[in-house]
Every structure is written in structure tokens, then in C-alpha cells.
1. Can you find a residue that is among the aliphatic types (A, V, I, L, M), within 22 Å of Gly105 (Cα to Cα) and surrounded by 15 or more Cβ atoms within 10 Å (Cβ to Cβ) anywhere in segment 171-186?
2. Which one of these is closer than 19 Å to Gly35 by Cα, out of contact with any Ser or Thr (no Cβ under 8 Å at 6 or more places or on another chain) and either away from the ligand (no atom under 14 Å from the Cβ) or not in a loop (DSSP other than H, G, I, E, B) (or both): Ile100, Ile53, Ile85?
3. Would you be able to say whether some residue in segment 72-83 is in contact with a strand residue (DSSP E or B) (Cβ under 7 Å, 6 or more places away or on another chain), farther than 15 Å from Ala59 by Cβ and either open to solvent by 40 Å² or more (accessible area, probe 1.4 Å) or at pLDDT below 95 (or both)?
4. Would you check which residues across segment 9-24 are outside any helix (DSSP H, G or I) and surrounded by fewer than 22 Cβ atoms within 10 Å (Cβ to Cβ) and list them?
5. Being among the polar types (S, T, N, Q), open to solvent by less than 60 Å² (accessible area, probe 1.4 Å) and touching a residue at least 40 places away in the same chain (Cβ under 8 Å) is the filter here; which residues of segment 268-312 pass it?
6. Which of (1) more than 12 Å from the ligand (Cβ to nearest atom); (2) under 18 Å from the mean Cα position of the chain (by Cα) is the odd one out, the single condition Lys146 does not satisfy?
7. Name the residues in segment 105-119 that are crowded, with 16+ Cβ neighbours inside 10 Å and either in a loop (DSSP other than H, G, I, E, B) or β-branched (Val, Ile, Thr) (or both), would you?
8. Cβ-Cβ distance below 8 Å, separation of 6 or more or different chains: which pairs start in segment 120-135 with a residue that is within 13 Å of Arg212 (Cβ to Cβ) and open to solvent by less than 30 Å² (accessible area, probe 1.4 Å) and end on one that is outside any loop (DSSP other than H, G, I, E, B) and of a type in the set (A, V, I, L, M)?
Amino acid sequence: MDEYSHIPVLLNEALFYLQPKPGQNIVDATLGGGGYSMAIVRSVGEKGKVLSIDLDQDAIENQTAKNVKLNVKNLTLAHGNFAHIDRIVKNHGFPPPDGIVADLGLSSYELDQGGRGMSFQKQEILDMRFDRSAESEDARWLLNNKSEKELIKIFENYGEEKFSRQIARKIKVAENDIKYTTELYQIITDSLPKPVKHKAAGSARRIFQALRIAVNHELENLESFLPKAFDLLAPGGRLVVVSFQSLEDRQVKQFFNSLAKGCVCPIDFPQCVCGKNPQGKILTKKPVTASEQELKNNLRSNSAKLRAIIKN
Ligand SMILES: C[S@@+](CC[C@H](N)C(=O)[O-])C[C@H]1O[C@@H](n2cnc3c(N)ncnc32)[C@H](O)[C@@H]1O
């Protein structure tokens, strides 16, 4: 395995809102290259504990080796899906966390080095699964087995691609099954009207993102994760989420708003009858985005949005 490289995005901002302190117990739901986890390990010190989760076995192996090399004793690793964070935390006998952080999406390793067909700039088999140990459907299966209508829905909903219909049509009339990233890229280019063919890379980026989200059930996982993570937190605990696309950010925003609001009575009720109290306080009125300096140094940071909430 190549070195698992990933430059963490919004790291200082995530630490600022998570505020890990000596002796605390923190869960990093998305280990990746371990940038966040190692910074948290340093902050909680020897008396604190960190539990880091990732769906990608390569991420876990890379950090296991680093733990040995750097003699890190208080960082536990769990190969699993953060959608099951409740079970993972329980199975590891981890105490109620003082903080949970999730830095969503994919790592640079998974995009560029992992050999998973996540990038259209390399010829690779269209796999796209974060977890290759699971017997789940990959991108190749999806492209060749989903109906034209289903593909349009995926491309429109998860990629917001204007030419979703034309691209789905071309995929379905292709003579052979599509196997490689380069074949899909060619189909995308061929589907675009002449005047916008030079923008094929933009369409490909959106279509590849949409496929990745569908293959990995990313929005469904986030939906399961958010309430479970908030429930797990100790009183005064903090939940910090960094997302990279608008559908995810909307989910996080709406979930945090519902926790902070409490009452769910219709607005025309003269007084509250549901009796629900706010369960948390939002720490980020607006989503936090990357500084100019970070934007200059790391292109990936330009779509990052961080939101944080503290449990009452
Ligand atoms: C942006 S990277 C995290 C980078 C990390 N913060 C760092 O500093 O290196 C996102 C990671 O989340 C993992 N991931 C995506 N969906 C997941 C899920 N449902 N459960 C667990 N890990 C997931 C990916 O495999 C990837 O390693």
C-alpha cells in the first residue's frame, strides 16, 4: 500500500470547536490519514482516549502502523461505518464522548492512490467503494444495472449535473458494459452538446461524485450517524461536522436546528403543547469555511463547511 496521504481540511477550525482537553474522550468518526486523530491525541494527552473509525481498511492499516512507530497508546482504531457509531462505541467499551468529529467524504489517498476508480484522470476499474472488504455493489454494477431513470435521479440529486439525461441515455445505449473510468469519461464527453464539450471535466467531476455518493450510501449514513452521535455525547459534549457538498451540509444544518429549537408545535399554535426543550446550542451561526491561506494551499478546502453544536 502507498503511504496514505491526506492533507486535513479545516483542522484548526475543527479543533477550535471540538476543544479537546487533557483527559477527555473523543471519537473521530472519519480517521482518513489520521490528521485530525493525531492532533486530538496530542490535545487529550496520556489520560485521554481517542476512538477513530473508518470504513476504509487501508486507513486503519496505515494508522495501525503509525501507532506502533510513534508509540501511540491511547488511540483505538475501528474498521466500520459511522452509521453504526452507537454499536462501535459500545463494543469498544468507550466512555460517553466529550466530543465527536466527522470530516465527511473521501481522502486524497482514496481519490488519487487507492486504485478505486474515483478519479476520471486515471484509467482504473470503476469500483468507488470506501469499504472494499464488503460484498456491496460497486460503481460498475450500478452503471450497468440501474435503469436510465434511476441513473438520471442519481446524477441530478447527488451531482446536480445539467446534462444528466443525455449522459444516462448514452450509458444505457452503450454496446458493452462499462468497466473503466476512462470509458465513462468518454461517454460523458460524447453526451455533451458541442458548445460545452470543453467543459467535460466539470461534468465528469459531478457525475463521479454522484456515483460515489450512491455507491457508498453517503447521505443515508450521515442521516443515521447524526442522531446517534448526538445521543452518545456526554452533557456539554460537542459534535463537529465538516461536509463537502450541499446536500450533506443541509442535513447537518437541519438536524442542528431541530436540536436547538426544541418545540415542534405548528407555528400557529398560541402556546407550546409538545413540551420539547432545546437539547443543544449551535456554536456556528453560519458554516465555517476555509481561510484564504488554506484555500491557496489546498484546493480541496474550497467546498468545506464546518458546523458545530454543544449538548445541553
Ligand atoms: C476526508 S477523509 C478524513 C480525513 C481526516 N480527517 C484526516 O485528517 O486525515 C474522510 C474519511 O471518511 C471515511 N468514511 C467515509 N464514509 C464513512 C463512513 N460511513 N464510516 C466511516 N468512515 C467513512 C473515508 O474512508 C475517508 O477515509
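The values are calculated or read from the model by the stated rules, or taken from the named source; none is laboratory data. Given the structure is predicted, the values throughout are model-derived calculations rather than measurements. Using ideal geometry, Cβ is built from the backbone for each residue, glycine included, and neighbour counts are taken over all protein chains shown. Each accessible area value is taken on the protein alone, full model and side chains, heavy atoms only, with ligands, DNA and RNA left out. Shrake-Rupley method; radii C 1.70, N 1.55, O 1.52, S 1.80 Å.
1. Among the residues of segment 171-186, at least one is among the aliphatic types (A, V, I, L, M), within 22 Å of Gly105 (Cα to Cα) and surrounded by 15 or more Cβ atoms within 10 Å (Cβ to Cβ), which makes the answer yes.
2. From the options Ile100, Ile53, Ile85, the qualifying one is Ile100.
3. no
4. Gln19, Lys21, Pro22, Gly23
5. Thr284, Asn298, Ser301, Ser303
6. Looking at each condition in turn, Lys146 falls short on (2).
7. Gly105, Leu106, Ser107, Gly114, Arg116, Gly117, Met118, Ser119
8. Leu126/Ala139; Leu126/Leu143; Leu126/Leu184; Leu126/Leu211; Asp127/Ala139; Met128/Ala139; Met128/Leu211; Met128/Val215
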